[in-house]
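The values are calculated or read from the model by the stated rules, or taken from the named source; none is laboratory data. Everything numeric in this text was worked out from a predicted model, so none of it was measured. Note: ideal-geometry Cβ built from the backbone for every residue, glycine included; neighbour counts use all protein chains shown. Ligands, DNA and RNA are stripped out before the accessible areas are found, and what is left, the full protein with its side chains, is counted by its heavy atoms. Shrake-Rupley method; radii C 1.70, N 1.55, O 1.52, S 1.80 Å.
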6 protein chains.
Amino acid sequence: MSVERETDQAADQTGRTDQAEPDERLRRGQARLAEITGRSGAEVMAALGEVAPDFARYIFEFGYGDVYSRPGLELRTRMLATVAGLVCLGHAARELHVHIGSALNVGATREEVVEVIMQMALYAGFPAALDALMIAKKVFAERGLAPPEG
Amino acid sequence: MSVERETDQAADQTGRTDQAEPDERLRRGQARLAEITGRSGAEVMAALGEVAPDFARYIFEFGYGDVYSRPGLELRTRMLATVAGLVCLGHAARELHVHIGSALNVGATREEVVEVIMQMALYAGFPAALDALMIAKKVFAERGLAPPEG
Amino acid sequence: MSVERETDQAADQTGRTDQAEPDERLRRGQARLAEITGRSGAEVMAALGEVAPDFARYIFEFGYGDVYSRPGLELRTRMLATVAGLVCLGHAARELHVHIGSALNVGATREEVVEVIMQMALYAGFPAALDALMIAKKVFAERGLAPPEG
Amino acid sequence: MSVERETDQAADQTGRTDQAEPDERLRRGQARLAEITGRSGAEVMAALGEVAPDFARYIFEFGYGDVYSRPGLELRTRMLATVAGLVCLGHAARELHVHIGSALNVGATREEVVEVIMQMALYAGFPAALDALMIAKKVFAERGLAPPEG
Amino acid sequence: MSVERETDQAADQTGRTDQAEPDERLRRGQARLAEITGRSGAEVMAALGEVAPDFARYIFEFGYGDVYSRPGLELRTRMLATVAGLVCLGHAARELHVHIGSALNVGATREEVVEVIMQMALYAGFPAALDALMIAKKVFAERGLAPPEG
Amino acid sequence: MSVERETDQAADQTGRTDQAEPDERLRRGQARLAEITGRSGAEVMAALGEVAPDFARYIFEFGYGDVYSRPGLELRTRMLATVAGLVCLGHAARELHVHIGSALNVGATREEVVEVIMQMALYAGFPAALDALMIAKKVFAERGLAPPEG
């Protein structure tokens, strides 16, 4: 079952008839999600369909269709800022894994990701930065990104 | 009384004899602080001298001399990432005021700052982003930055 | 200048041409905002127009037009849950002021608001609950709500 | 070893002689805990006995005997507010698992739980809400609660 | 109106008849509060009486009568640990003001308070520590505590 | 590969030429780390070398060489304060495991650790304290520390 079909069902089951709402936001959001996260968001979306399909729809429409489709800031900087924000939240391990990957997907380097995380030790403390570096290490390994030579 | 003198005193009063430690980190940090924050960090530093002069020294040496003097990420992106992180902390109103200014100082535009803050609503929630936008508004007003035409 | 006009401008200045997007979400959201918060949200919206008019639009469209327009949970319970959540965030003083008022607006009693806040001491600690009770006290006083007799 | 016996021991070993203290709060708290959480709190309590039996006693006496035994707010709303609060804490995965179950135990529907969690995305951000939805999904599955038809 | 009388009223108005409950916890808690905080907690308690008198009673009974009356850790260390915890919460400015004073009341030195706060920069980040140092500075000034010579 | 060698490489690869910087801070920090954490920090450091060797160096130099080498507060109190702070962060499970061990290493008793954690329930809520007690239980078991008799 595709996510799109799930979200159509969601619209049905909540009894809303937003037929006038163009699917533009939804389509734009799904495309942006794919561009940014690659496949990594898809499993979460599939999982959400069972429990809260409208939440998946909000992520597509609002998260990616509205916010991440905005002009005014290049995507690479957006994703590095997101990594910084997630480090400071402290509890967002799953999101960090996804969006460290997203940052790399849209052109950030391994080094830039590490720099952003290290810098957050100043603001969120060393434990939050350390946890994030361990997640980054895992993402780098999954992608076969070699450590910088030294 | 200059901050430098305060921190010299601090070194004395803690009984440490780091004479071998070059003042390089301290000088580099103070220069970097000035470059990034302009004057806005100076009052806090002066204030710190009375209560915890070594803490001021750590900010200079570690914060700006070590972390903010690193290569590998351009300063404009560093400061936008810092703004993102501070929004997600939720409690860092004073730092947000300083570093929204810092982002502008190192070349970020008003629009980029607003984009980063708005985006954090996805991760830290609307109240944290809203508070940060109110602080940004104040910083923009202090600098006479006109809102974008519309 | 009405908020509606500001948000129209916002749409213009971001260069997006969501003309196909029905104004239904925006209108529904503004009506829901008025129903829930009374006037208390209006000043924030006006303030936002200068710095981030699209953010005001997201609050209307997504916050109130999407989320707070959902069926499945009565509004009184929604607002008491929101008060609980804001207490646990710890940093959301302004939102707490607004939404303690919102809870009263949609039928929660003074006693219910206090019970929810007190209960959060178990989860977020006494300082967060204490701060929220001080805000509640102010809201009650502004509305001339007498304390329960004893 | 029952939790009750452990907490008696705890009272002994701290040398306090609260003999005058009626066991009323303790009994009331244990009954309330059972009513609200079913069995799900019992393992944590058993585990606590080894490391901090007095903490188990405080949970019984203060948490359930005092706070959750208060009049003034129906239990169903209390538990939905607790779910909201725990989502906003961000780090309370275990408690979320227990109290999503508690909310269902005292009459909240699957749909109401999901609505409360989704709504918190506005205040605590999408990652905290997403993590909570994944926990809710697990709780629903453990109880054989079918997803709503669509 | 004394706090004690308010809390008696509170007991009445919630309809509970804890007459069997000895006032021992309440009295012990009030004495411990006075010993630890001096006068600084009294205004908050008075303020609470109007909005949530039972919450004041819980602070007395549970906070000070139970937790802060425990053996097993000297009071000076308890208060320094509390200062550390409050710095890491990030949002507890009022409590920090009270309990930096409490730490001094029970024998901690100005230097020890500053050391604990500075150390928390490692765990909660520099902004949280910096805010706490500014509060400490205010408390020291209110008490006429001279800065250490240097 | 020793951490020291990794950090030397790190200095090289970032192009900094801090040759004038004495290795004093680094050596002092590594010694202090060993004294406080025993072996428990070593694996994290080894792991860091691949992804962010400079971060390991900052932990040695700034964390242990600067902050934890300060006079003015006895080490036992420092570590109990750190445990308190980590409980209040909420997300620092790994660090709590390390530093509950550190507190025991520098002379704190099992009872003192438990007291500090329990006390934080007042400030950070019961879930954060409960999670920390479960971690403490694991550390105590790893060290064969018997529970207090009762």
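Counting only residues that are buried (at least 24 other Cβ atoms within 10 Å of the Cβ) and either at the interface with another protein chain (Cβ under 7 Å from one of its Cβ atoms) or at positive phi (or both), the stretch B:83-108 holds 8 of them.
Just so you know, in the stretch A:46-71 the residues that are under 23 Å from residue A:142 (Cβ atoms) and of a type in the set (A, V, I, L, M) include one that is farthest from the other protein chains (Cβ to nearest Cβ), and it is A:46. Counting only helices (runs of 4 or more DSSP H) that fall entirely inside the stretch F:62-150 and contain at least 3 residues that are touching a helix residue (DSSP H, G or I) at 6+ places or on another chain (Cβ under 8 Å), of a type in the set (D, E, K, R) and more than 30 Å from residue B:60 (Cβ to Cβ), the qualifying elements are F:110-124, F:126-142. Assess whether residue D:97 counts as being outside the structural domain of residue D:37 (by TED's automatic domain parsing) and in contact with a His (Cβ under 6 Å, 6 or more places away or on another chain). The answer is no for residue D:97.
So for the stretch D:133-142 (the condition being open to solvent by 10 Å² or more (accessible area, probe 1.4 Å), under 21 Å from the mean Cα position of the chain (by Cα), more than 10 Å from chain A (Cβ to nearest Cβ) and closer than 17 Å to residue C:69 by Cβ), does at least one residue qualify? No. Here residue E:65 qualifies as of a type outside the set (A, V, I, L, M, F, W, C) and under 14 Å from the mean Cα position of the chain (by Cα).
Would you point out which residue out of F:43, F:74, F:111, F:4 is surrounded by fewer than 18 Cβ atoms within 10 Å (Cβ to Cβ), modelled with pLDDT of 95 or more and more than 8 Å from every other protein chain (Cβ to nearest Cβ)?
F:74
Which of the residues belonging to the stretch B:48-61 are open to solvent by less than 20 Å² (accessible area, probe 1.4 Å) and part of a helix (DSSP H, G or I)?
B:48, B:49, B:51, B:53, B:54, B:55, B:56, B:57, B:58, B:59, B:60, B:61
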